[in-house]
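For reference, the structure is listed below as structure tokens.
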Amino acid sequence: MPLYNARVKVSLRPSVLDPAGEATRAAAGRLGVSGIRRLRIGKAIEVDLEAPDRQTAQAQLELLSDRLLANPVIEDWSLELAEVG
Amino acid sequence: MTIGIVVFPGSNCDRDVRWALEGCLGRPCRFLWHEERDLSGLEAVVLPGGFSYGDYLRCGAIARFAPVLEELRAFAAAGGAVLGICNGFQVLTELGLLPGALTRNRDLHFLCEDTELVVQPGPCRWLQGYGEGERIRLPIAHGEGRFQIDPEGLAQLERDGSIVLRYGANPNGSIADVAGICNAEGNVLGLMPHPERACDPLLGGLDGRRLLAAALG
């Protein structure tokens, strides 16, 4: 069965305050890095998945992202999918 | 009738809740391991505080798929009383029994202190022992207690009278000072403060007793 690799990015929705991102942005300023307009912290999740075809892999990963990896109340997610074997 | 207390790997307030219910209030309890499915004979179920499954991914995200919680959905739908305290509140939102989500405290600190709360019992079965607008003190202990919901969701909560507990002085940045919400039916309550830590005079307050006492009628 073909093997697919997915990278799911989960980020806080723009309307949700990201205090960890704000703290990191403040530290960046103390490091001497200036000009940062936006710094948001999210998660990247790597998944290798066997599926009979790309369409099935896509559907499984969408279910996974929407129902488990991200909480749509506060988070957005995006998905990159590639066949690797 | 008995009160069930759910125990996840990583729960750490389960024994405190049992002490408060059984030791302080004389209510019979039974622990429910997260893999159990038998909720028979229970009148109420408490999801205690702690760090279920290490809070991996998000607080409550893994717990949501525990077998015991599949049964809890049916239990709540049939009108059974459900109380989620702290991590238990986070689990109830992930499970969809209560709306919204709990996120990192505004100032990033883990807050462990007494807070003043304003009670608006509305339809909430758990809070019928308190007066409208009564001010009480309960301890909080959380790093992720900032309640979030979209504007439509918030308006719905206000319309239903679901915001039953608000902070007097908002410690964590929660929207609308939310400390606890109840479903419209009144049987499911989630709150960040710990009523079980305010049931014994030795711990400095008794304001949690009436809430936990409501577990059995």
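The values are calculated or read from the model by the stated rules, or taken from the named source; none is laboratory data. This structure is a prediction, so every number in the text was calculated from the model and none was measured. Because the Cβ atoms are built from the backbone with ideal geometry, glycine has one as well, and the counts that use them run over all protein chains shown.
Remark: pairs (first residue in region A:12-27, farther than 22 Å from A:Pro72 by Cα; second residue modelled with pLDDT of 90 or more and surrounded by 14 or more Cβ atoms within 10 Å (Cβ to Cβ); Cβ separation under 8 Å; 6+ apart in sequence or on different chains) = A:Thr24/A:Leu39; A:Thr24/A:Ile41; A:Arg25/A:Leu39. Every test in (1) touching a residue at least 40 places away in the same chain (Cβ under 8 Å); (2) part of a helix (DSSP H, G or I); (3) crowded, with 19+ Cβ neighbours inside 10 Å is passed by B:Val6 save one, and that test is (2). Applying the set (1) away from every other protein chain (no Cβ under 14 Å); (2) surrounded by fewer than 18 Cβ atoms within 10 Å (Cβ to Cβ); (3) at pLDDT below 95 to B:Tyr56 leaves exactly one unmet item: (1).
Scan region B:9-34 residue by residue and report those that are in a loop (DSSP other than H, G, I, E, B) and of a type in the set (D, E, K, R).
B:Arg27
Return the residue satisfying two criteria in turn: it lies in region B:89-128 and is of a type in the set (Gly, Ala, Ser) and surrounded by fewer than 20 Cβ atoms within 10 Å (Cβ to Cβ), and of such residues it is farthest from the other protein chains (Cβ to nearest Cβ). Among them, the one singled out is B:Gly122. For region B:36-54, the set of residues classified as in contact (Cβ under 8 Å) with a residue 60 or more places away in the chain and within 26 Å of A:Ile74 (Cβ to Cβ) consists of B:Val46, B:Pro48, B:Gly49, listed by residue number. Among residues of region A:28-59 being in a helix (DSSP H, G or I) and touching a residue at least 40 places away in the same chain (Cβ under 8 Å), the one that is surrounded by the fewest Cβ atoms within 10 Å (Cβ to Cβ) is A:Arg54. Being within 14 Å of chain A (Cβ to nearest Cβ), in contact (Cβ under 8 Å) with a residue 40 or more places away in the chain, buried (at least 16 other Cβ atoms within 10 Å of the Cβ) and out of contact with any Phe, Trp or Tyr (no Cβ under 7 Å at 6 or more places or on another chain), is that true of even one residue in region B:156-167? Yes, region B:156-167 has at least one match. Remark: B:Val17 matches the filter, which requires a residue to be touching a helix residue (DSSP H, G or I) at 6+ places or on another chain (Cβ under 8 Å) and in contact (Cβ under 8 Å) with a residue 40 or more places away in the chain.
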